[in-house]
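Accompanying notes for the structure given below.
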Amino acid sequence: MSLLGNDSRPPASWKAAALAAALLAAGTTGLRGAEANSATSQDEVQRFCTNIADEARDRRYMLQSQQLETLKGEVEKRIAALEEKRREYEDWLARREAFLAKAEENLVQIYSSMRPDAAAERLAEVRIDLAAAILVKLEPRTAGIILNEMNSKAAAALTGIMASAARPEDPS
């Protein structure tokens, strides 16, 4: 025995059977009743949507407002973190500048206490901009003696850099 009773054949269309059951349950017969029920159903859906449109819009605005507040909080946290990093960087930069100033002061003292021929030999080996910076910080008499001990090309290059650094304004 099958689930369908004595007849083992299924109905011609399950959709038709479902539609017939729906029509019987609704108390209507025929296709005109189903069409009328469908139109009534569409009208009810339309009225329902119209009635809740303002509430849905308000709810949507509230959700968007909450999302904006959440995003605003995240942005403020990130800004605070960036400000903290900026403060850390400024502290590090200040320590570095102090270290470089102290190192530069010591370096100038070292070269000023060296024999001029030894200082000239050492300055010829370092970067030209560093050598010029050291010579600018030395007393003019000591710097002149050191330049006198250098070869003429290196001394001319250093003198050119020192002269351009002494200009009050950019010539270009």
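The values are calculated or read from the model by the stated rules, or taken from the named source; none is laboratory data. As the structure is a computational prediction, the values presented were derived from the model and not from experiment. Cβ placement follows ideal geometry from the backbone for every residue including glycine, while neighbour counts extend to all protein chains displayed.
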| remark: Of the residues in the stretch 115-139, those that are under 15 Å from G160 (Cα atoms), part of a helix (DSSP H, G or I) and out of contact with any helix residue (DSSP H, G or I) (no Cβ under 8 Å at 6 or more places or on another chain) number 1
| task | Tell me which of these R86 doesn't satisfy, since it passes every other one: (1) modelled with pLDDT under 60; (2) surrounded by 10 or more Cβ atoms within 10 Å (Cβ to Cβ). | result | (1)
| task | Just give me the residues in the stretch 134-160 being crowded, with 18+ Cβ neighbours inside 10 Å, in contact (Cβ under 8 Å) with a residue 24 or more places away in the chain and of a type in the set (G, A, S), in sequence order. | result | none
| message | Regarding the stretch 27-38, can at least one residue be identified that is modelled with pLDDT of 60 or more and over 30 Å from K137 (Cα atoms)? | response | yes
| query | Which condition does T50 not pass, out of (1) over 30 Å from N148 (Cα atoms); (2) over 24 Å from the mean Cα position of the chain (by Cα); (3) surrounded by 10 or more Cβ atoms within 10 Å (Cβ to Cβ), if it passes all the others? | reply | (3)
